[in-house]
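Report on one structure; see the data block that follows.
The values are calculated or read from the model by the stated rules, or taken from the named source; none is laboratory data. As the structure is a prediction and not an experimental result, all values here were calculated from the model. Note: ideal-geometry Cβ built from the backbone for every residue, glycine included; neighbour counts use all protein chains shown. Surface areas here come from the heavy atoms of the whole protein model, side chains and all, with no ligands, DNA or RNA. Shrake-Rupley method; radii C 1.70, N 1.55, O 1.52, S 1.80 Å.
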Amino acid sequence: MSGTEPAPSATRPGTDSAVQNPGLQRDRLGVIGVTFFVVAAVAPMAAVVGGSPVVFASIGAAAPAVFLMAGVLFAIFSVGYVTMSRRIRNAGGFVTYVASGLGARAGAAAAGVTVLFYVAVQCALWSQYGVFVTQLFADRLGLPVPRVVLLLLSLLLVTALTARGVDLSLKVLGVLLLLEVATFVVLDVGILVQGGGPSGGSLSGFTPDAVLAPGLGVAFLFCVSCFTGFEATVVFSEEARDPRRTIPRAAYLSIGFIGLFYAFTTWCLSTANGLGTVQDDAAAKLESGTFVPDIAGRYLGPSFVTVLDFLVVTSFLAMLIGFHNLFARYVFALGRAGAIPTVLGRTSSRSRTPVAAALAIGATELVVLGGFEITRADPIGTTYFWLLALGTASLLTVLLVTCIAMLSFLAGSRAEEGLWGTTVAPALSLVGFVVVLYLAITNYALLGGSGVGAWLLLGIPLLAVLGWWRATARRDLDFAADPS
């Protein structure tokens, strides 16, 4: 199947009754709107506060350089990704690309693993969010509200915002993202104005000796995981204005912003702490999660730490809104293709929003999180780490297959698109993700997937086989590009 195939009709083939589906609203999002959803799904504040200490603990002062390396890998991947986006306009994202390059059965197999990735990662993030919001209410507001209650209310809110429509979600995301980015700009400037800390703004963390340290593999793996969600650029392509121009610009803008934001902020944090001690200090504060707040308190005072505590929670909320909107469009595209029940591939006739998909996702997350709660699993040590490890491995598997699909799909476009965009960049990103997947498997225990949690990895081949079987049993599966 290729991007030149005729677009499917508004009714799904193979259903008992032909129900008209208005589809997603066209021409709704511009470059900034799509970029907001990408950055929200990545959640830079949550990544810096929760993820950067792990990178610092692994490789010390070289953390900013490793974040740049991860950004370069995704930028190279985006070259082929963007080249395909000019030919494919579909909310199916990775799945549509795999189906276009390797066939419907491979696409359906990728769909199974992609759904596993989104469910696992979102539930992991919900579990972590539940701990943070409970601490915020208890420590800062003096309200000891049960974690399960706050988690349930937040899940209902995010599901309702997604079902209500992309316009309202975008307004909420815009406010939350501007607040969290502005907060770190203030922190970075505060550090630099005071001389850059004990290390005085040193760049020694970018030297080859610093980067090529024993912890590089683990650090790089965690940095890559901090870019999860960038796929939103293509998933929102059906709702974008002039997608052939909007999607490439949003892709490069979001990757560039995220990579530079991570690198610059972690560089400020490392020099503020002191390059010589940053690795040990970050490792000592991993469990308490106070590495970044302690630095912020030293430079800007306790009031700023209070603001930071609130904005970390709102950053998580923004991330969950972004992910829910992103996943809802994925589920919608899979339902429209016939890979899952077709009722999920319909939109509201009034708002043109995938309401059924949004509600189904909320219900699924409620069931998964409820299962862990019933077994009294630790929300961080078990639920978060187990599901994050599974989600990371699932994403890397899909990225690797997507690179192969891009090479296959773009093979006949070299004369028109050029060798770099059709062959070299996809091949380089394929090698890069093979390395990262190897790191994920060999360091799976460090991701939190040790013991019983390691058995969850069996979900990847299981969902892939189920997807392949679905496409084999149902020949009318349609992952066609640019549906109208």
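Per residue, what accessible area does the chain have, given a 1.4 Å probe and all protein chains present, in Å²?
38
Express the carbon and sulfur contribution to the solvent-accessible surface of the chain as a percent, rounded to the nearest whole number, probe 1.4 angstrom.
Working: 12210 of 18310 Å².
So the carbon and sulfur contribution to the accessible surface is 67 percent.
Where in the chain are the helices, taken as whole DSSP H runs, whose Cα atoms extend 15 angstrom or more along the long axis and whose Kyte-Doolittle mean reaches at least 1.0?
31-42, 63-85, 104-139, 147-164, 166-193, 302-337, 355-374, 385-409, 425-442, 459-473
Give the share of C-alpha pairs in each 5 angstrom bin for segment 55-127, from 0 to the last occupied bin, in whole percents, shortest bins first.
P(r) for segment 55-127, in whole percents per bin: 4, 13, 14, 14, 19, 16, 11, 7, 2, 0.
What is the mean projected area of the alpha carbon convex hull for the chain, to one decimal in square nanometres? Before the final figure, lay out each step's value.
Details: hull surface 86.0 nm².
Mean projected area for the chain: 21.5 nm², to one decimal.
Work from the charge dipole of the chain (Cβ charges, +1 for Lys and Arg, -1 for Asp and Glu, about the Cα centre) and give the residue of T383, G421, L221 farthest towards its positive end.
The one lying farthest along the dipole's positive direction is G421.
So what's the back-of-envelope 222 nm ellipticity for the chain, counting only DSSP H runs of four-plus at -39500 (n - 2.57) apiece and dividing by all residues, rounded to 500? All intermediate terms of the calculation are to be shown ahead of the outcome.
Values: 19 runs with 318 residues, N = 484.
When only DSSP H runs of four or more count, the value is -22000 deg cm²/dmol.
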